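In what follows, a structure is listed as structure tokens, so that the remarks can point back to it.
The values are calculated or read from the model by the stated rules, or taken from the named source; none is laboratory data. Keep in mind that this is a model prediction, so the values were computed, not measured. Methodologically, a virtual Cβ is constructed for each residue, glycine included, from the backbone with ideal geometry; neighbour enumeration extends over all protein chains shown.
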Amino acid sequence: MLFLFKIGFLPIRIWDVLDIFIVGYLMYQLYKLLRGTIAFNIFVGVLTLYVVWWIVGQLQMDLLSQVLNQFASVGVIVIVVVFQQEIRRFLLFLGNTALERQVELASRFLGRNTPATDERERQKGAIRIALQRMSRSKTGALIVLSDGANLEGIVSAGLSIDANISEPLIESIFNKESPLHDGAVLIANGKIEAASCVLPVSENTQLPDTAGMRHRAAVGVSEKANVAAFVVSEENGRISLAFKGLLEEDLDEARLKALLEKHYK
């Protein structure tokens, strides 16, 4: 046993410190997933129910304890049903974090100067140039980088394109005269897979008042799947990014380039 120190008669081991750190980290990630959503209020309500049930049991109020026990006994099922999307996002976060580390290690081992890497750089450049041009012309746009995420049941409608990524094609899709401009473009597997896609709209009450439907749709899809969504505002031309339910606004060229490097795999 490795003891670090004692608090009174209670010995503290290194594993106790690690245990507290891991639980704290998981609770923080859970809070980030739930904050600003209706699900957070439901979670607080369920937690309050369990606290009241415990207090009633300690006070030996048998009748009320039996009533609350009926609700508490199905509490796990209620949590799974109500928070199925949040649980799914949490598991995706854990899985994708481990996968990203493996890919990064493999890339370092194999080297980066490959034809596939050169093509990836060209695609990132095309997306960045298209976003910047649409920003200057104040052309509204919404581009989702799926990174291989399963969007079945999340993204609906849309027209399958399966085309090579290029700035003229992206700009032509979001041209106001185009029948496909009113929706999102889905980019995955090095291709423009679909256009005019319908995304779920976020219910986050903490989004800024300036956030329009495109921004709320970008945040909404990032809440339900491990995707990054870039938005160009039609009102002011500013570029924003939605990722894991958070919205980062007014990206400059350097920040846009860094975020594309991070999110375009």
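Couple of notes before you dig in:
- Hey, Ala72 more than 29 Å from the chain's Cα centre (by Cα), surrounded by 10 or more Cβ atoms within 10 Å (Cβ to Cβ), of a type outside the set (Val, Ile, Thr) and modelled with pLDDT under 75 or not: yes
- Exactly one residue out of Thr205, Thr210 is modelled with pLDDT under 90, under 17 Å from Lys138 (Cβ atoms) and out of contact with any strand residue (DSSP E or B) (no Cβ under 8 Å at 6 or more places or on another chain), and it is Thr210.
- Put simply, of Ile187, Ile154 the only residue that is crowded, with 16+ Cβ neighbours inside 10 Å, at pLDDT below 90 and among the β-branched types (Val, Ile, Thr) is Ile154.
- Of residues in region 245-265 being in a loop (DSSP other than H, G, I, E, B) and touching a helix residue (DSSP H, G or I) at 6+ places or on another chain (Cβ under 6 Å), the one nearest to Asn189 (Cα to Cα): Tyr264
- Consider region 184-205 and keep the residues that are touching a residue at least 40 places away in the same chain (Cβ under 8 Å) and in a loop (DSSP other than H, G, I, E, B). The one that is nearest to Arg122 (Cα to Cα) is Gly190.
- Subset of region 225-237 (residues that are under 15 Å from Leu145 (Cβ atoms) and either of a type in the set (D, E, K, R) or over 8 Å from the mean Cα position of the chain (by Cα) (or both)): Ala229, Phe230, Val231, Val232
- Residue in region 231-254 that is surrounded by 23 or more Cβ atoms within 10 Å (Cβ to Cβ), modelled with pLDDT of 90 or more and in contact with a Lys or Arg (Cβ under 8 Å, 6 or more places away or on another chain) present: yes
- Under the condition of being farther than 16 Å from Asn226 by Cα and in contact (Cβ under 8 Å) with a residue 24 or more places away in the chain, the residues counted in region 237-260 number 8.
- Yes/no for Ser160 being touching a Ser or Thr at 6+ places or on another chain (Cβ under 9 Å) and either in a strand (DSSP E or B) or free of Cβ contacts under 8 Å to residues at least 24 places away in the same chain (or both): no
- Members of region 190-224 that are among the small types (Gly, Ala, Ser) and out of contact with any helix residue (DSSP H, G or I) (no Cβ under 7 Å at 6 or more places or on another chain): Ala194, Ser196, Ala211, Gly212, Ala217, Ala218, Gly220, Ser222
- Search result, residues across region 206-223 that are outside any helix (DSSP H, G or I) and either under 13 Å from the mean Cα position of the chain (by Cα) or aliphatic (A, V, I, L, M) (or both): Leu207, Ala211
- Residues considered: Ser107, Ser178, Ser160. Of these, the only one that is out of contact with any Leu (no Cβ under 8 Å at 6 or more places or on another chain), within 24 Å of Lys244 (Cβ to Cβ) and either modelled with pLDDT under 90 or among the aliphatic types (A, V, I, L, M) (or both) is Ser107.
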